[in-house]
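Enquirer: Sending over a structure as structure tokens; questions will come in a sec.
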Amino acid sequence: MKLFNPFSKHKQEPQLEDSYLALTLTPDKIMACVWDFNLEDIVIKAVEERPFKDSENLIHETAVAIDSACQKADTDVAKVVFGLSQSWFEGEDISEKSAKVLKTLSEDMELVAQAFVSLASSINHFFKVTEGITPQAVLVGIFQSSVSTFCEVHKVFNSKVTSSKTSTQILSVEKINALIGQLKEGDETLPSRIIIYGNPDSELLEKLQNAKFEGLFVHQPKIDVVENDKLAASVAYAQAADILGHDPLPDGTKKASLAETGESRREETQTKRQEPSGADELGFISGVDILQNIEPEAKEEQTPLPLAVPQHKGPIRKEDYAVEIEPSEYEDQARVGVPKLPKFRIPKLFKMPSLPKPSKKLGIILAAVLVLVVIGIFAAGQTLTSAEVNIKVAAKSQDGTFKATVVPQGSYDKSRSQIPGKLITGKASGSQKATATGSKKIGNNAKGPVDFRNWTKVIQTFPTGTEIITDGLKFTLDSDISIPARNDADSTPGITHATITAEEVGPTYNVGSNKTFSIVGTEASLYDAKSIDPGISGGDEKQATVVSQDDLDKMAKSLTDSLTQKAKDDFKTKSQGANIPDGSLVVSILKKDFDKKVDDEASIINLDMEIEASAVSFDQNDLQKLISETQENQTNLELRPQDIEVFDTNVKRTKDTLAISGAFRAKLIPKFNEDQLAVQIAGKNIKEARAIIKLTPEVSDVLVSFSPAIPFIDTVPRAKSKISFIIEIS
């Protein structure tokens with residue numbers, strides 16, 4: 001949270017006030033929240049909401065809201081903290097225009113403006129306190145009115161608002177989805193929780209709750225809606241955190257006694273406030289607690305309890321007095337006699353029966369039994385009892401970075417920074433039919449025999465596919481041929497019979513016989529061809545429905561979307577309870593089979609497909625163990641896995657392995673040689689054992705417990721195997 005004072009010229013005279021005021025400003029509403037402390041619990045006394053049209057109307061509506069809230073709460077207020085929607089900001093600070101409006105508002109209302117906070121930061125505080133967890137969410141503020149719309153989105157990660165986006169366009173689910181997508185950085189996925197606030201209409205809210213948010217979240221996000229009264233309360237929670245110096249505790253850390261009054265609770269709260277750090281150029285104090293300048297009321301003098309008069313044993317003597325007294329007074333007091341109690345008899349009915357006098361022999365037996373019991377207790381304490389030594393130590397903080405590789409079905413390997421993982425897959429398969437929409441002319445190609453003629457003196461060959469042309473119609477040779485040279489005797493050409501086929505379908509290629517063809521790539525005077533009986537014929541065509549590429553693409557996309565969702569649902573069922581980091585989930589197509597190809601004549605197309613959604617999970621304890629064993633520890637200090645907090649993780653999936661990097665914060669504790677320490681304290685009493693262990697400077701306390709607990713035993717067992725240690729951070 002960023003609390004800061006950019007405006008105000010003056011301060012009012014300090015005065016004692018019982019309640020606090022949090023004003024929430026959205027693009028078109030003002031909410032006045034009057035609240036108070038109960039120990040460290042936040043008590044919302046009244047919330048009043050009013051609409052406003054412009055800055056001039058804002059002052060009037062604010063006055064109405066504050067007066068109404070104070071009447072309901074039966075209290076008065078003088079200091080205020082503003083909770084502002086992003087429409088009041090320019091970047092990370094409020095705009096100059098907004099500062100002037102709030103300054104005028106404060107002066108007209110005779111309020112001491114102390115600070116402002118964004119609604120995103122106040123909601124972060126509210127959920128951190130009320131849910132007791134570090135918030136990870138996407139905040140969506142929707143403010144709709146008849147004249148304008150405004151939307152703000154924020155990413156809250158590790159209890160911080162890390163990025164924000166705004167829009168003033170007409171709102172729709174698609175545009176909000178696109179705005180949320182702008183919060184992403186690279187390939188990261190967003191926290192799987194959306195918190196909506198503001199005043200979205202019911203239709204838009206219902207659409208958002210049913211939206212899929214494809215590609216933004218690993219899991220379908222949980223959607224919570226913050227009503228306006230809770231939105232106003234969240235600003236009060238942020239204000240309380242600034243006053244206390246830490247987030248308030250919902251249930252308090254202690255309970256007030258029956259003798260505590262409201263005045264004593266107020267004094268207790270005031271003792272926690274910080275001193276002012278000075279005013280800015282406009283007079284508002286940055287980071288000042290709400291009541292820090294209020295002069296405490298003069299404490300009422302408490303009448304001391306009367307001291308008990310000491311009772312004097314024996315006659316009163318003159319020297320017993322601390323001051324001189326007159327003899328007459330002394331004599332009068334000396335004559336005072338002690339009244340005698342009346343004598344009375346106890347009836348025989350209540351007379352205790354007489355017991356026989358113990359004999360000397362019985363006393364010896366009892367003493368021997370007592371000695372045996374003591375010896376037995378001591379022996380049991382040394383043989384049957386185990387001692388658990390709980391050592392409280394002060395820890396030293398250490399920050400660092402790490403890299404690790406998660407290998408499914410792999411092994412733990414510290415030297416390679418490798419930890420084992422598990423590949424979890426969800427699958428879905430199905431089929432789909434669609435109607436072909438393509439159109440194409442189909443039919444038969446014309447064919448027939450021709451004579452290839454060679455007018456040269458050299459044998460000539462032509463390969464299959466050689467093209468020949470007549471009247472612009474193209475045909476191809478069906479097989480390889482060799483044409484003999486011409487006959488010089490009668491000047492007739494060399495001739496070879498062959499079959500040709502038209503390159504396209506249709507009756508146009510039915511050219512009959514005695515048609516002369518030229519051979520592509522040769523001179524007509526050297527080589528040519530001529531159709532012979534029965535001629536080139538058989539070509540026909542018709543318009544037919546065929547498969548188009550667009551038909552296949554539409555089928556693939558539709559079935560892929562459907563099966564992907566089913567595969568993810570199957571994955572969620574199988575991965576419940578597993579540690580799945582963001583960025584680990586991959587969706588792939590295992591099979592995609594069409595029964596037709598492009599340009600095939602068909603009316604119906606069939607598609608069979610199989611989709612897989614897979615992710616690699618790992619045990620967080622393995623990652624903490626790897627970090628503890630690969631970091632260089634300081635002398636006499638150790639880093640335990642359970643004392644490591646991992647954050648800012650970055651995950652990259654490569655086939656079936658994960659590459660993980662990030663930062664960690666750890667607490668270093670002193671090293672203890674538990675075997676050596678057990679030898680040192682074995683057989684010692686608790687006081688001696690504590691003294692030995694506390695020779696280590698970082699040890700703050702030592703507690704020893706025995707199991708089973710035997711009366712009068714406070715000695716640590718002599719056997720090392722019966723001594724165990726628990727090291728805890730104090």
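The values are calculated or read from the model by the stated rules, or taken from the named source; none is laboratory data. This one's a predicted model, so the numbers in the text were calculated from it and none came from an experiment. Ideal geometry is used to build each Cβ from the backbone, glycine not excepted, and the neighbour counts take in all protein chains shown.
Residue-by-condition table, conditions (1) buried (at least 19 other Cβ atoms within 10 Å of the Cβ); (2) assigned to a strand (DSSP E or B):
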site: Ile133; (1), (2): no, no
site: Glu152; (1), (2): yes, yes
site: Ile170; (1), (2): no, no
site: Ile180; (1), (2): yes, no
site: Thr189; (1), (2): no, no
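Enquirer: Now a separate question. Name the pairs: first residue in segment 382-402 and of a type in the set (Ser, Thr, Tyr), second residue in a loop (DSSP other than H, G, I, E, B) and crowded, with 17+ Cβ neighbours inside 10 Å, Cβ to Cβ under 9 Å, at least 6 apart or on different chains?
Expert: Filtered contacts from segment 382-402: Thr383/Pro717; Thr385/Ile713; Thr385/Pro717; Ser386/Pro717.
Enquirer: If only one of Ala602, Ala567, Ala659 is touching a Ser or Thr at 6+ places or on another chain (Cβ under 8 Å) and closer than 26 Å to Ser429 by Cβ, which one is it?
Expert: Criteria check complete, one pass: Ala602.
Enquirer: Which ones in segment 513-557 are closer than 30 Å to Thr492 by Cβ, part of a strand (DSSP E or B) and hydrophobic (A, V, I, L, M, F, W, C)?
Expert: If the condition is that a residue be closer than 30 Å to Thr492 by Cβ, part of a strand (DSSP E or B) and hydrophobic (A, V, I, L, M, F, W, C), then Phe517, Ile519, Ala529, Ile536 are the ones that fit.
Enquirer: Right, next: Any residue that is touching a Leu at 6+ places or on another chain (Cβ under 8 Å) and modelled with pLDDT of 95 or more - is there at least one of those in segment 473-496?
Expert: no
Enquirer: Moving to a separate point now. For segment 155-176, which positions are under 22 Å from Thr26 (Cβ atoms), without any contact (Cβ under 8 Å) to a residue 60 or more places away in the chain and not hydrophobic (A, V, I, L, M, F, W, C)?
Expert: Answer for segment 155-176, where residues must be under 22 Å from Thr26 (Cβ atoms), without any contact (Cβ under 8 Å) to a residue 60 or more places away in the chain and not hydrophobic (A, V, I, L, M, F, W, C): Lys155, Ser163, Lys165, Ser167, Thr168, Gln169, Ser172, Lys175.
Enquirer: So how many residues does segment 102-128 have that are surrounded by fewer than 20 Cβ atoms within 10 Å (Cβ to Cβ) and assigned to a helix (DSSP H, G or I)?
Expert: 5
Enquirer: Starting from residues that are farther than 19 Å from Ala232 by Cβ and in contact (Cβ under 8 Å) with a residue 40 or more places away in the chain, keep the ones in segment 138-150 and report whichever is surrounded by the most Cβ atoms within 10 Å (Cβ to Cβ).
Expert: Val138
Enquirer: Can I ask one more? Quick one: is Ala498 in the same structural domain as Ala529 (by TED's automatic domain parsing), in contact with a helix residue (DSSP H, G or I) (Cβ under 8 Å, 6 or more places away or on another chain) and in contact (Cβ under 8 Å) with a residue 40 or more places away in the chain?
Expert: Here the answer is no, as Ala498 does not meet what is asked.
Enquirer: While we're here: (1) free of Cβ contacts under 8 Å to residues at least 12 places away in the same chain; (2) touching a Phe, Trp or Tyr at 6+ places or on another chain (Cβ under 7 Å): which one isn't true of Gly186, the others all being true?
Expert: Here Gly186 meets the rest and fails (2).
Enquirer: I need a count of the residues in segment 105-128 that are farther than 30 Å from Leu171 by Cβ and in contact with an Asp or Glu (Cβ under 8 Å, 6 or more places away or on another chain).
Expert: Adding up the residues that qualify gives 1.
Enquirer: Are any of the residues in segment 449-457 exposed (fewer than 15 other Cβ atoms within 10 Å of the Cβ) and not assigned by TED's automatic domain parsing to the domain that holds Lys694?
Expert: Yes, segment 449-457 contains at least one residue that is exposed (fewer than 15 other Cβ atoms within 10 Å of the Cβ) and not assigned by TED's automatic domain parsing to the domain that holds Lys694.
Enquirer: Further question: Restricting attention to segment 43-59, which residues are assigned to a helix (DSSP H, G or I) and over 17 Å from Val77 (Cα atoms)?
Expert: Listed by number, the residues that qualify are Ser55, Glu56, Asn57, Leu58.
Enquirer: Just a yes or no: is a residue in segment 705-717 modelled with pLDDT under 90, part of a helix (DSSP H, G or I) and surrounded by 18 or more Cβ atoms within 10 Å (Cβ to Cβ)?
Expert: No, every residue in segment 705-717 fails to be modelled with pLDDT under 90, part of a helix (DSSP H, G or I) and surrounded by 18 or more Cβ atoms within 10 Å (Cβ to Cβ).
Enquirer: Can we say Ala485 is surrounded by 12 or more Cβ atoms within 10 Å (Cβ to Cβ) and not in a strand (DSSP E or B)?
Expert: Considered against the rule, which asks whether it is surrounded by 12 or more Cβ atoms within 10 Å (Cβ to Cβ) and not in a strand (DSSP E or B), Ala485 comes out as yes.
Enquirer: Out of curiosity, is Ala78 hydrophobic (A, V, I, L, M, F, W, C) and in contact with a helix residue (DSSP H, G or I) (Cβ under 9 Å, 6 or more places away or on another chain)?
Expert: Considered against the rule, which asks whether it is hydrophobic (A, V, I, L, M, F, W, C) and in contact with a helix residue (DSSP H, G or I) (Cβ under 9 Å, 6 or more places away or on another chain), Ala78 comes out as no.
Enquirer: Shifting gears a bit: State which residue is surrounded by the fewest Cβ atoms within 10 Å (Cβ to Cβ) when the search covers only segment 573-631 and only residues that are in a loop (DSSP other than H, G, I, E, B), of a type in the set (D, E, K, R) and touching a residue at least 24 places away in the same chain (Cβ under 8 Å).
Expert: Once the filter is applied, the top-ranked residue is Lys597.
Enquirer: While we're looking at this one, here's another question. Could you look through segment 204-251, keep only residues that are polar (S, T, N, Q) and out of contact with any His (no Cβ under 7 Å at 6 or more places or on another chain), and pick out the one that is surrounded by the most Cβ atoms within 10 Å (Cβ to Cβ)?
Expert: Here the residue is Gln239.
Enquirer: If a residue must be within 18 Å of Lys572 (Cβ to Cβ), assigned to a loop (DSSP other than H, G, I, E, B) and out of contact with any Gly (no Cβ under 7 Å at 6 or more places or on another chain), how many such residues does segment 191-225 contain?
Expert: 12
Enquirer: So, in segment 135-150, of the ones that are of a type in the set (Gly, Ala, Ser) and assigned to a loop (DSSP other than H, G, I, E, B), which residue ends up nearest to Gly91 (Cα to Cα)?
Expert: The selected residue is Ser148.
Enquirer: Of the residues Glu92, Glu96, Glu131, which single one is farther than 28 Å from Lys45 by Cβ, in the same structural domain as Leu244 (by TED's automatic domain parsing), of a type outside the set (Gly, Ala, Ser) and under 32 Å from the mean Cα position of the chain (by Cα)?
Expert: Among Glu92, Glu96, Glu131, only Glu92 is farther than 28 Å from Lys45 by Cβ, in the same structural domain as Leu244 (by TED's automatic domain parsing), of a type outside the set (Gly, Ala, Ser) and under 32 Å from the mean Cα position of the chain (by Cα).
Enquirer: Quick one: which of Asp599, Asp643, Asp622, Asp595 is over 30 Å from Leu216 (Cα atoms) and either under 24 Å from the mean Cα position of the chain (by Cα) or aromatic (Phe, Trp, Tyr) (or both)?
Expert: Answer to the selection: Asp643.
Enquirer: Continuing with this model, one more query. Filter segment 70-85 for residues that are out of contact with any Leu (no Cβ under 6 Å at 6 or more places or on another chain) and not in a loop (DSSP other than H, G, I, E, B); which is surrounded by the most Cβ atoms within 10 Å (Cβ to Cβ)?
Expert: Val81
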